1. Collect residues whose amide H, placed 1.01 Å from N in the peptide plane, falls under 5 Å from the amide H of Ala103; neighbours closer than 5 in sequence don't count.
2. Taking every DSSP beta bridge with both residues inside the chain, roughly what % is antiparallel (nearest 5)?
3. What is the chain by shape, rounded, prolate or oblate, if you read a ≥ b ≥ c off the alpha carbon gyration tensor as root eigenvalues and call it rounded for a/c under 1.5, prolate for a/b larger than b/c, and oblate otherwise?
4. Specify the residue with the greatest mean-square fluctuation among Gly129, Gly108, Gly26, computed from a Gaussian network of the chain linking alpha-carbon atoms under 10 Å apart.
5. Each residue of the stretch 262-275 in turn: what ³J(HN,Hα) in whole Hz from Karplus with 6.51, -1.76, 1.60 and θ = phi - 60°, glycine and Pro shown as x?
6. In the stretch 1-106, which GluC sites (Glu not before Pro) are in a loop and have at most 15 other Cβ atoms within 10 Å, using DSSP for the loop call?
7. Provide the per-residue ³J(HN,Hα) series for the stretch 182-195, in order, calculated from phi with Karplus coefficients 6.51, -1.76, 1.60 and θ = phi - 60°, each as a whole number of Hz, with x at glycine and proline positions.
8. Using label points projected 7 Å from each Cα along Cα→Cβ, tell me how many nm separate Ala38 and Glu1, to one decimal.
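Please treat every number below as a calculation from the coordinates, not as lab data. These numbers were taken from a predicted model, which means no experiment stands behind them. As a convention, Cβ positions derive from the backbone with ideal geometry for all residues, glycine included, and neighbour counts pool all protein chains shown.
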Amino acid sequence: EKGGYDHFMLKEIYEQPSAILDTFRGRLLSNEAVIKLAGVEDNMKKFLAADRIIVVACGTSWHAGLVAEYIFEDLARIPVEVEYASEFRYRNPVITEKDIVIAISQSGETADTLAAIKLAKSKGAFVFGVCNVVGSSIARESDAGAYTHAGPEIGVASTKAFTTQITVLTLMALRLARAKGTMSSSEFRHHLIELETIPGKVEEALQSDAYVKTVADIYKDSKNCLYLGRGFNFPVALEGALKLKEISYIHAEGYPAAEMKHGPIALIDEQMPIIVIATKKGHYEKVVSNIQEIKSRKGRIIGIVTKGDVSVKELADHVIEVPETIECLTPLLTTIPLQLLSYHIAVMLNKNVDQPRNLAKSVTVE
Ligand code: M6R
């Protein structure tokens with residue numbers, strides 16, 4: 001059942017190219033320059049009239065929501081707020097009929113997310129579910145939705161659910177951008193063509209596995225770890241840190257790279273590994289100067305870089321390459337080595353990778 005892999009998590013990491021393809025199926029028609037998402041199409045009027053989108057989710061799904069915030073705002077120019085479902089539901093939030101709430105959940109059973117959408121519905125908001133499990137409670141409770149089609153995810157640490165959530169949300173943002181006219185038809189076409197290359201590029205990113213394993217071996221005994229990213233890759237830094245925490249029990253934090261100097265920089269010493277997402281697109285020069293700041297405090301730098309990178313290579317202790325793509329799609333690639341790094345460290349530390357202590361696959365209690 002693990003298909004020859006030692007753990008479900010590794011199997012699921014490797015399934016990502018095909019899982020993303022499954023998410024595209026019937027929806028991404030690049031020859032015709034069309035995106036088809038029935039749940040969006042049938043409710044286009046509501047989407048176009050919406051004042052804002054509120055995303056509610058927990059854990060990794062919340063990170064996918066943060067990536068979506070950057071993508072929706074950039075491409076479709078719709079304001080987005082991303083909320084922890086557990087906070088939203090108890091905050092007496094301001095919600096109106098002109099709000100669209102997107103609930104993101106792999107399992108579709110997360111108690112806080114389910115309660116958040118019930119609250120939103122009671123205030124008249126339109127609820128759109130992005131779930132993986134077909135027929136799950138959140139899927140049923142939503143007014144409309146789009147499944148991720150990642151296939152069953154068994155490992156408690158979410159991997160392919162995350163990348164397929166980002167894929168669905170990107171398709172949605174592109175479809176809405178086209179409908180709103182915030183994107184030209186040639187830009188739209190260009191995005192579709194790039195999106196179509198992602199499964200192959202994820203496959204290529206997976207080829208860093210052996211090298212990532214050697215990096216894991218060097219840092220597996222660390223007590224702390226810092227993950228930094230900017231823009232579209234800031235949420236990827238949060239997700240990388242969560243992945244490491246939950247399966248290896250090493251303390252890790254994700255930060256927007258520029259926030260480092262407002263506190264976490266005090267943690268940096270010769271022992272401290274700092275994983276920096278520094279792809280060519282998106283504030284590259286600024287991230288390089290953040291790396292210089294770390295270097296001058298003798299931190300150990302692991303850079304996630306675009307293939308062929310030169311500047312970060314000169315400064316970092318290690319660099320892990322991912323293929324080049326357009327900026328808004330980089331999270332789908334930069335996530336891959338971070339998943340592999342956590343996986344290898346956890347295995348080397350003899351941890352229960354698929355069923356980490358104290359955690360359940362779906363959190364059906366608040
Ligand atoms: O099933 P959901 O997507 O609603 O689950 C939300 C979180 O419980 C989940 O993402 C959790 O953070 C994972 N263990 C992360 O790997």
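1. Val56, Phe128, Gly129, Val130
2. 5
3. It is prolate, given that a/c is not under 1.5 and a/b is the larger ratio.
4. Gly26
5. So the J values, rounded to whole Hz, are 9, x, x, 4, 5, 7, 6, 8, 5, 8, 8, x, 10, 8.
6. Of the GluC sites (Glu not before Pro), the ones in loops of the stretch 1-106 whose Cβ has at most 15 other Cβ atoms within 10 Å are Glu1, Glu32, Glu97.
7. My calculation for the stretch 182-195 gives 7, 9, 6, 5, 6, 5, 4, 4, 4, 5, 5, 5, 5, 4 Hz in order.
8. Result for the modelled spin labels: 3.0 nm.
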